[in-house]
Each structure stands twice: as structure tokens, then as C-alpha cells.
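Notes follow once the structure below has been shown.
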Amino acid sequence: MTRLILVNRVQGPPELGQLHVGSGRFAPVDPASAPRTHGVLAIVEGQTFAIYVEAGALWLQWNERRWPMAEVALSYGHDLDAETTTFTAADRSITYPAWWRGDPTFEPLIPERDEAEDWLAYAMAVKADAALQAGLLRGWA
């Protein structure tokens with residue numbers, strides 16, 4: 001049985017689509033024909049990431065792999081010299097250009113705007129905030 005989760009793509013061009021849980025592939029759908037969404041999705045450096053609700057639990061999916069948000073170990077950090085960001089979920093990691101690369105106004109000593117600028121920082125914020133998780137569970141169930 002193919003499991004599809006209706007999600008909103010929120011990074012890049014916004015669009016409604018279906019996430020194929022088994023493969024991690026995203027396919028746009030006609031918004032007029034779609035019911036309520038159950039999560040959000042972003043494409044980062046060609047990799048598909050999603051946070052969604054299924055069977056009463058909040059999930060993080062990265063391409064074909066997924067983990068219960070409550071159980072997965074996540075890390076996120078910047079290399080200021082290389083101007084890169086590394087995100088890790090369980091035993092996978094991705095390093096990509098930092099959102100502030102090339103921004104002459106970026107000041108590393110001022111609190112960052114990571115969550116607003118980088119979807120994987122948003123995933124970290126969800127992981128760290130039980131109240132946010134509860135709200136997403138209610139809203140996407």
C-alpha cells in the first residue's frame with residue numbers, strides 16, 4: 001500500500017503536494033482538489049525533508065528515511081570560516097552553504113535568524129519545543 005501525506009512545500013516555490021512516505025518523493029497536486037495538509041516539506045540541496053503527522057505521531061522524514069520526532073537525535077551548526085551549515089539526523093548528515101553566506105551584514109555575535117532563514121533550523125526548533133510539537137500535532141492531525 002502506498003502511503004501519501006499531503007504537505008505544503010514551504011521553502012522554494014510554495015506549493016501543495018503529496019509526500020510518498022516510502023520513497024521520500026514529492027509530487028505537486030492541484031490545491032482545489034486537495035483536503036487538509038498534514039505537514040510541511042522543504043528541498044535543501046536536492047534532499048527532501050518533511051515534518052508531518054501520521055498515526056498520531058510527529059515524524060521527520062529525510063528522503064526515504066523517517067524517524068519519530070520524539071526519538072530522533074538531531075544536531076545543527078555552522079562553520080563560520082567555511083560559511084557552511086551541517087545538519088545531522090541520527091546517522092545521516094548534510095553540509096550545505098550557510099544561509100548568510102555572502103551577506104556582508106551578517107554578524108555572528110548577534111542572535112541568529114536561523115529558524116526564519118533555514119528550514120533545517122526550523123526542524124531543530126520543532127524538536128526542542130514540546131509546546132510547538134503539541135500544536136503541530138493538533139493542527140495537522
- Query: Of the conditions (1) touching a strand residue (DSSP E or B) at 6+ places or on another chain (Cβ under 7 Å); (2) within 26 Å of L137 (Cβ to Cβ); (3) surrounded by 15 or more Cβ atoms within 10 Å (Cβ to Cβ), D114 fails just one. Which one is it?
  - Reply: (1)
- Message: Any residue that is touching a residue at least 40 places away in the same chain (Cβ under 8 Å), among the charged types (D, E, K, R) and either farther than 25 Å from Q133 by Cβ or out of contact with any helix residue (DSSP H, G or I) (no Cβ under 6 Å at 6 or more places or on another chain) (or both) - is there at least one of those in segment 44-51?
- Response: yes
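Per-residue answers, yes or no, for (1) among the acidic types (D, E); (2) loosely packed, with under 13 Cβ neighbours inside 10 Å:
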site	(1), (2)
L16	no, no
D30	yes, yes
L41	no, no
F49	no, no
E54	yes, no
M69	no, no
- Task: Return the pairs, sorted by first residue and then second, in which the second residue is modelled with pLDDT of 90 or more and part of a loop (DSSP other than H, G, I, E, B), the first residue lies in segment 18-31 and is farther than 16 Å from A55 by Cβ, the beta carbons are less than 6 Å apart, and the residues are 6+ apart or on different chains.
- Result: S23/E64; G24/N63; G24/E64
- Condition broken by D79, with the remaining ones in (1) closer than 24 Å to L58 by Cα; (2) in contact with a strand residue (DSSP E or B) (Cβ under 9 Å, 6 or more places away or on another chain); (3) free of Cβ contacts under 8 Å to residues at least 60 places away in the same chain; (4) exposed (fewer than 15 other Cβ atoms within 10 Å of the Cβ) satisfied: (1)
- Query: Looking only at residues in segment 1-14 that are more than 24 Å from T95 (Cα to Cα) and in contact with a Phe, Trp or Tyr (Cβ under 8 Å, 6 or more places away or on another chain), which one is surrounded by the most Cβ atoms within 10 Å (Cβ to Cβ)?
  - Reply: V7
- Tell me, which residue of segment 82-111 that is surrounded by fewer than 15 Cβ atoms within 10 Å (Cβ to Cβ) and among the charged types (D, E, K, R) is farthest from V40 (Cα to Cα)? E107
- Residue pairs qualifying under the 6 Å Cβ cut-off, at least six apart or on distinct chains, with the first in segment 116-137 being within 19 Å of W62 (Cα to Cα) and the second being part of a helix (DSSP H, G or I) and of a type in the set (A, V, I, L, M), are V126/L132
- Got at least one residue in segment 113-128 being of a type in the set (A, V, I, L, M, F, W, C) and not in a helix (DSSP H, G or I)? no
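The values are calculated or read from the model by the stated rules, or taken from the named source; none is laboratory data. If you're wondering where the values come from, they're calculated on a predicted model, not measured in any experiment. No Cβ is skipped: glycine too gets one built from the backbone with ideal geometry, and neighbour counts run over all protein chains shown.
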